[in-house]
Structures are given as structure tokens and as C-alpha cells.
Amino acid sequence: MTAELQHLAPDGSPRGDVPELEGTFLRELFVHMMRVRCTDERMLKLQRAGRIGFVGTAKGLEAAIIGSAAALQARDWLWSGLREGGAAVMRGLPLSEYVAQMYGNSHDTAKGRQMCNHFQHKASHYPSWSSVIGTQLVHGVGAAFASKLRGEDAVHAVYFGDGATSSNGFHSALNFAGVWRVPVVFVCIDNGWAISVASSQQTAARSYADKAAAYGMPGRDVDGNDVLACYQAAHEAIAAAREGGGPSLLVLKTYRMLGHSSSDDPTKYRDDDEVAAWAAKDPIDRYERYLVERGVLAGGERQAIEADLLRELDAVIHEEETVPPMPMRTLVEDVYAEVPPHLRRQFNSFIAVAERLGYARPGDGAFPL
Amino acid sequence: MPTLTLLQAVNDGLKTVMRNDPTVLVFGEDVGPKGGVFLATEGLTEEFGVERCFDTPLSEDGIVGAAIGMAMNGLRPVAEIQFQDFIYPAFDQIVSEAAKLRYRSGGQYTAPMVIRTPYGGGIRGGLYHSQSGESYFAHTAGLKVVIPSTPHDAKGLLIASIEDPDPVIFMEPKALYRTLKGEVPEGSYTVELSTLREARAGKDVTVFCYGAMVTVAEKAAEQAATGGIEVAVVDLRTLLPLDEEGVLDAAKRTGRVVVLHEAPRFCGYGAEISALIAEHAIEYMEAPVVRVTGFDTPFPNTLEHNYMPDDRRVLDAIEHVYNF
Ligand SMILES: Cc1ncc(C[n+]2csc(CCOP(=O)(O)OP(=O)(O)O)c2C)c(N)n1
Ligand SMILES: [Mg+2]
């Protein structure tokens, strides 16, 4: 049994060969982690107020998501699941687009078509996931095949949860990636739970990392609440993939501190003691202690950073709240490159009723046939 | 008689069968201690133990494939697929295996099992928590496809489905889970599969529908009545095998037909009803059959209330066939 990679103990004290990173970079990581937590907080508030429908939070996962994704270059791809939105923001997704997606308004680049927490950002190579667990793993492998074929050195980081390791997509993706030796890093965020199913019931293997051996690739367990370990493990795996060393699997062991989503009550299926034990290992508290000790952060600076982030968020929310939804005709657009005649007819007969009864809006008008 | 929501009726149906038949098992994702994401299986693990109601790893293919094996070896599995949208990883097991087992084995092996799954829009779930995929299954010989629209039928049809010797896809209209209440008899009873239900009588126009669209049709019929049009609302309840005679009788009685479903139109279930009427009752028709359906698009999110047929669109169709 190999031990988890760890560079920061829960009390923030350094362990092993702590990677040598510049103070400004270390500080930025902290701000990105804080932004994830602040964003979740605000989104939950909006959800409780009935302004948005659903939130899948990342509380407790900040180190895993931010630390690993921070090791990617701008040309690399990030294939996301439910909880990687914070990494998208770090890599360039404007906060306004993040919030627009949550509202599903007409600023949303996906035109309000997907439910909340399905972000995309083409400029930083971040496609949204569908919702169907496990499917994106195989897409990442195919896209990495294309990168390799063209002789580019982009790496594809594929994110997924412990639950997703049971999907057909996990098997196909790791198998293909191993056979093809494509530049993929599989990042399993083992947050202990797949909704109400404990990680221990998802597999009889000791760790998900052990599964890598069966696909002919290295697998590594990492302390997922230690941002420096997550960064370092991803950094090494990405470098190996970029140099033609093939794929690998990282398992970032962490804990989902809140419910699966805003619709879930976790007290029905897990112990408060377990949650409290993980709270003591909080990734932000731990990192803060380390940064203060190193002199990168002043004591009490966290509160100022938090206040700034919340101010920034509130300004964006204020802007996006009043943006209207997309016009009704977007119902039938983007199904194909062109809106085919049968969809034009379907929409036109719908809008005729809407216009007659007065619930059509300006811009909703009929298609020319 | 107790008044239950449709969700409680499903729960009651499961408990009732499990009390009477020790070979019935319930499993799927989050159906155990959590009681299902909609709470349809609440209390089952508590009452029957983890041996009879349990969580599985996150694999629909695994859930359905294992259910087939259990059914082949003496158990009565009731597998839950958390959302109908996530049934497609199990499509192979359903279409290639469960549906064809009896036929390919000359009746030597069978798969008496039920796959319960919530379907349909109305919860702001976007593309993948809203679909109505009944036509995929209604196109598959060897399956039965059942969709209740009332608490009474949810329990009675579910028990009939579990007792049925063939595999049943049991689709639950999630939009009605908590919004619809009705009287539900205590204890065991069945509603015979492949029988339709006249939800409302009327002599002028017949609306064929099922699932969550039944309440939409009833609302439209109510409004039509104030304009002097008497609308019959027919709840199909079992899509496969269909009560064809019942459909033809109901169509002939008015000669004016609207078919309503929230699934997309093209090759949707309404096409089968329309064709049946065209083949066997065209001489009774006073107007062309009109379909009111979802668009031939993926299911949207923010505009879902425009995608889903509502009483306004149904009333428009009713008036159209009435005035034809
Ligand atoms: C194929 C499929 N089945 C079921 C679901 C419903 N579902 C959504 S999230 C989830 C659990 C996912 O757990 P995990 O992979 O560990 O990711 P986490 O939510 O913990 O980040 C389930 C069962 C789904 N989205 N897709
Ligand atoms: Mg998980």
C-alpha cells in the first residue's frame, strides 16, 4: 500500500519535499480557493431565495479542484463534471458568465439550455459536461488522440467523481487511453460520496488508484485537502503526459462537506462525526496556516480577501439578475446547423398561439418558411 | 380510504408487494437509507433490511443487467433508474436482453422484472432530467410500457407490473409526484395492464394522453366545457401492449381526436395512435387527427414551460378539430 502524497499536514506544517513555488503564485492559489467557497455561499443564498434552481457545491474540494487545475497550461483542456466551475474561473471563465449560466439568462453562452452548474468556456478549452455521469471521460481520450495526431503538446485533464468510476465510460476511457498512450491525466475527485452512496460501497478495491494498474498506467493517491500535494501530483502527471509518457490516474481524496446539491439532505445517510472529522482537515484553513507561517499572507488577511471576493460577486449578481431569458425561438435553434423546415413549422404554429393569447415577447416572431 | 400523493402511492405499492412476496427486491442508486432522490423508496431499507432494498454502484448497465440475472433465477427485481434520462447506459440490457429473452429461449427463460423510472419535464432539470423516452421502449417488442397518471393507478399498476411475467418499464410522471393527491385503497389491489381509463367523459372531442399530460388535458377540457365543447379525456395507462379496441371505440364516439404527449413529435407515441385511427376508423372521423407534443428538439431548460404542451395549446387543438 502506497501512502497518499501529502505536503501539508492538517495543521499546515510542511511535509516532505514541499514544491518550491513563488509567493505570488501561492497567494493566487489561495484567492482562487477562497473564490470557490465564496461563490458557493452566494449561489446557495440565491437558491434558497428561489432565484436559481440548483447548486452543486465544492465546499471541501477547493484544494483538489484548484490545486490540480493550476498545473495546467493555457493550451491544455479541462473536461469537467459537476463541481469544477471554480477551475474554469481560474483559467479564464468570466465570473459574469458563471453567474449567467446559473440564471440561464441570455448572457449565458449556452443560451440557458442547461441546468445550473454546467459551465463552458471555449477559450480556455473547457467544455461543459452533459449531466450523464462518466461520458466525458471518453471524450477527453478522443480529444487527446486528436491533439497527439496533430503533433500538438496539449494535455487533457479529465475530471470525475468516485461514483463515476463505476460507469462504463470509466472503463472505456482508461482502457483506450492506456492502449493509445494518449496525453490524458484522469483526475478522480474522491469526495467520499456519490449522492448517498459511500465511496466504500462503490468499489471493493483498496483505492481507486489501484484500478490504474489494470489499464497499464500509473495510479497515485493524493491528499485532496492539501493544495500543494494536488498541484505537485498534477504537475508531474501533466509533464509526463506532455512528454509522451502516456496517461495516468490521480485520486484526490477529499470530502464533500455539504449535500450532493441544494436538493439533498445528507443527514439522512451520514454521521455528523464523519463530517466534523473532515472539517478539522479543511483545505483552506490548512493552507492559510501554511501561508501565514511562510509570511505570504498576513494574519487576518483572509477576511479582507473574502470581503473583496464577495463584493465582486455581489456586483456581478446584481448585473445578471435582471438580464432576460433568451427569445423563444431559441427553442428550435442549434438543433442542427440550420433550422430545418419541420422545426420552423413547429415553432410557427406555437408562436401563433402565443401571439394570439399575448404571451409572446418581442423577438419571438415566426420564422420565414 | 387514505389520500396519498402519487409519490406516496408508489411507495405504498412497493411496501405492499414486498410484504406479500419475499422474492421482491428493490435496488438502484440512492434508494437505500436516503430513500431515493424523490423519496419513492423511503423507509424500505428500514422495514425490509439492506438485503431487500439496497444501493448499487453507479452503473445503470450493471443495475439492469443484474436484475435480468436475478429474474432468471427466481427473484422479482424492481430496479430504479434515478432519472429516465440516465437509462440509456442500460439500453443494451433492456433492448437486447430483457426484451428478447423469452423469445430467443423459446419461453425457457424469462425476465419478470420492473424498471421504475421518473420521467418528464416541469422541474427545471434541463436536457438530462426531463426527458420522455417512452417511444424508444414502446418500439421494443417484448417489453411492456406502463405510465400511471393518478395515485390510485400508480399503486395498482405498479403491483400489476411486478406480478406480470414479462419485463415492464414503469415510467413515473415526476411532475405529479407531489402535486397530485388522490384516494388510494389500503392493501393489495391491481389495475389490469393494457386497459385504458376514461378520465373524463365527453361527446364532442377525444383527447388521448398519458402521464403528466392527463392533468393538462383535463384542465383544457374544463375550459372547453365553458365554451360548450364536451371533451373526453382518455388516459392510455399502458402504452405497450396498447388497448387498441379501447382507443378505436373512444375515437369513433366523437370522430374528433387530439393526441397529446410531452415527448417529441416525430415518431412519437402519438404517431401510433394516429395511424391506428387512420387504419381502422377513418370513416368515423370528422376532422384530421391533431397532435400536441413537445418540439422535435432536445429538452430545454429556461424555456421548458414553452416546450411542454400546456392547456392553452391543447385547447387550441381541441377548438381546431371541433370547428373543422
Ligand atoms: C448515468 C447517470 N446516472 C445517474 C446520475 C444521477 N447522479 C448525478 S450525480 C450522481 C453521483 C455522482 O457521484 P460522483 O461521481 O462521486 O460525483 P460527485 O457528485 O460526488 O462530485 C448521480 C448518481 C447521473 N447524473 N448520470
Ligand atoms: Mg463523489
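For segment B:3-183, with all protein chains in place and a probe radius of 1.4 Å, 53% of the accessible heavy-atom surface sits on carbon or sulfur. The Rg/Rh ratio for segment A:327-369 is 0.96, where Rg is the radius of gyration of the alpha carbons and Rh is the Kirkwood radius. The alpha carbons of chain B give a radius of gyration and a Dmax of 19.3, 59 Å, in that order.
Springs join every pair of Cα atoms under 10 Å in this Gaussian network model of chain A, and among A:V316, A:V182, A:V89 the largest mean-square fluctuation is at A:V316. For segment B:277-324, heavy-atom accessible area (probe 1.4 Å) falls by no less than 30 Å² from the chain alone to the full protein assembly at B:F295, B:D296, B:T297, B:N301, B:T302, B:L303, B:N306, B:R312, B:R313, B:D316.
Given a Förster radius of 25 Å and the C-beta distance between B:K252 and B:Y103 as r, what FRET efficiency does 1/(1 + (r/R0)^6) yield to the nearest 0.05? Spell out each step's value before the answer.
Numbers: r = 34 Å, r/R0 = 1.34.
According to the calculation, E is roughly 0.15.
Between A:G92, A:G299, A:G151, the Gaussian network model of chain A with springs among Cα atoms under 10 angstrom shows the greatest mean-square fluctuation at A:G151.
For peptide B:53-65, the mean count of partner chain Cβ atoms within 10 Å of a residue's Cβ comes to 5. Packing here is the average count of other Cβ atoms within 10 Å per residue, and on that basis the peptides B:197-205, A:332-340, B:150-158, highest first, run B:150-158, B:197-205, A:332-340. Report the net charge of residues surrounding A:W79, where surrounding means a beta-carbon distance below 15 angstrom and charges are Lys +1, Arg +1, Asp -1, Glu -1. Residues near A:W79 contribute +2 overall. Ignoring ligands, DNA and RNA, please state the percent of accessible area on chain A from carbon and sulfur, probe 1.4 Å. Ligands and nucleic acids excluded, carbon and sulfur reach 53 percent. At a threshold of 10 Å², the residues of segment A:198-230 that become less accessible to a 1.4 Å probe in the full protein assembly than in their chain on its own are A:Q201, A:Q202.
Can you give the Rg to Rh ratio for segment B:197-322, taking only C-alpha atoms and Rh from Kirkwood? Spell out each step's value before the answer.
Working: Rg = 13.5 Å, Rh = 14.3 Å.
Here the Rg-to-Rh quotient is 0.94.
Give the angle, between 0 and 90 degrees and rounded to the nearest 10, that separates the Cα long axis of helix A:23-48 from the longest principal axis of the Cα atoms of chain A. Taking Cα atoms only, the helix is inclined about 50 degrees. Couplings 3J(HN,Hα) of segment B:163-179, computed from phi: 6, 5, x, 10, x, 10, 8, 10, 9, 9, x, 5, 5, 9, 2, 10, 8 Hz, in residue order, whole Hz [Karplus 6.51 cos²θ - 1.76 cosθ + 1.60, θ = phi - 60°; x for Gly and Pro]. For segment A:141-168, accessible area lost to neighbouring protein chains reaches 20 Å² or more, against the chain alone with a 1.4 Å probe, at A:S166, A:N168. The C-alpha atoms of chain A define a longest principal axis, and helix A:283-294 lies at about 50 degrees to it.
What the Cα convex hull of segment A:23-320 gives, in volume per residue, is 126 Å³. Here segment B:106-217 is treated as a Stokes sphere of Kirkwood radius computed over C-alpha pairs; at 37 °C and 0.692 mPa s its diffusion coefficient rounds to 214 µm²/s.
Put simply, the amide H of B:S194, placed in the peptide plane, has neighbours under 5 Å in B:T238, leaving out anything fewer than 5 places away on its chain.
Taking every residue in B:37-48 and counting other chain Cβ atoms within 10 Å of its Cβ, the average works out to 1.
Partner shielding of B:121-130 amounts to 4, given as the average count of beta-carbon atoms from other chains within 10 Å of each residue beta-carbon.
Let me check something: with ligands and nucleic acids excluded, how do A:E355, B:E245, A:E62, B:E46 order by accessible area (1.4 Å probe), largest to smallest? Working shown, then result.
On the way: A:E355 105, B:E245 145, A:E62 0, B:E46 165 Å².
Final ranking, largest accessible area leading: B:E46, B:E245, A:E355, A:E62.
In whole percents, the pair-distance distribution calculated for segment A:22-128 from its alpha-carbon pairs, binned every 5 Å from zero, is 2, 14, 24, 25, 20, 10, 4, 1, 0. Taking every C-alpha pair closer than 8 Å and separated by at least 6 residues, the mean separation divided by the residue count of segment A:212-356 gives a relative contact order of 17 percent. For the protein assembly as shown, the Kirkwood radius over C-alpha pairs fed into Stokes-Einstein at 4 °C and 1.567 mPa s yields D = 48 µm² per second. Each residue of segment A:234-251 was assigned a 3J(HN,Hα) from its phi angle through the Karplus expression (A = 6.51, B = -1.76, C = 1.60, θ = phi - 60°), giving 5, 4, 5, 5, 5, 4, 4, 5, 5, 8, x, x, x, x, 8, 10, 10, 10 Hz with x at Gly and Pro.
Rolling a 1.4 Å probe over the protein chains gives B:K219 an accessible area of about 110 Å².
Based on DSSP H segments of at least four residues, each scored -39500 (n - 2.57), the protein assembly as shown has a per-residue ellipticity at 222 nm of -11500 deg cm²/dmol. Among B:F170, B:F266, the sequence by solvent-accessible area, most first, with a 1.4 Å probe is B:F266, B:F170. Convex hull volume of the Cα atoms of segment B:1-70, normalised per residue: 95 Å³. Here A:I189 sits with roughly 10 square angstrom of accessible surface, probe radius 1.4 Å. Each residue of segment B:85-97 is assigned a 3J(HN,Hα), and the resulting list reads 4, 9, 7, 5, x, 9, 4, 4, 5, 6, 7, 7, 10 Hz, derived from the Karplus form 6.51 cos²θ - 1.76 cosθ + 1.60 (θ = phi - 60°), x at Gly and Pro. Per residue, the accessible area of chain A comes to 41 Å², computed with a 1.4 Å probe over protein heavy atoms only. Each peptide in B:116-125, A:236-245 receives the mean, over its residues, of other Cβ atoms within 10 Å, and ordering these scores from highest gives B:116-125, A:236-245. Springs between alpha-carbon pairs under 10 angstrom, Gaussian network model over chain B: which of B:C209, B:C267, B:C53 fluctuates most? Highest fluctuation among the options: B:C267.
Note down the net charge around A:P327, summing +1 for each Lys or Arg and -1 for each Asp or Glu among other residues with Cβ under 11 Å from its Cβ. Could you put the intermediate results ahead of the total?
On the way: positive: A:K111, A:R329, A:R361; negative: A:E333, A:D364.
Here the charged neighbours net out to +1.
With each label modelled as a point 7 angstrom along the Cα→C-beta vector, the B:T3-B:E286 pair spans 3.7 nm. Here the protein assembly as shown is assigned +1 on the Cβ of each Lys and Arg and -1 on the Cβ of each Asp and Glu. Its dipole about the Cα centre then comes out at about 760 debye.
Counting only heavy atoms of the protein chains, get the accessible area per residue of chain B (1.4 Å probe) and round it to a whole Å² value. Could you put the intermediate results ahead of the total?
On the way: 11860 Å² over 324 residues.
Computed with neighbouring chains in place, this is 37 Å² per residue.
For the pair A and B, the buried accessible area comes to roughly 3100 Å² in total, with a 1.4 Å probe and the value rounded to the nearest 100. Using a cutoff of 8 angstrom between alpha carbon atoms and counting only pairs six or more residues apart, the relative contact order for chain A works out to 22 percent. In chain B, the longest principal axis of the Cα atoms and the axis of helix B:244-254 are about 20 degrees apart. Rounded to the nearest 10 square angstrom, B:F295 shows an accessible area of 0 square angstrom against a 1.4 Å probe.
The values are calculated or read from the model by the stated rules, or taken from the named source; none is laboratory data. No experiment lies behind these values; they were computed from the predicted model shown. Reconstructed Cβ throughout: ideal geometry from the backbone, glycine too, with neighbour counts over all protein chains shown. Areas reflect the complete protein model, heavy atoms only, side chains present, ligands, DNA and RNA absent. Shrake-Rupley method; radii C 1.70, N 1.55, O 1.52, S 1.80 Å.
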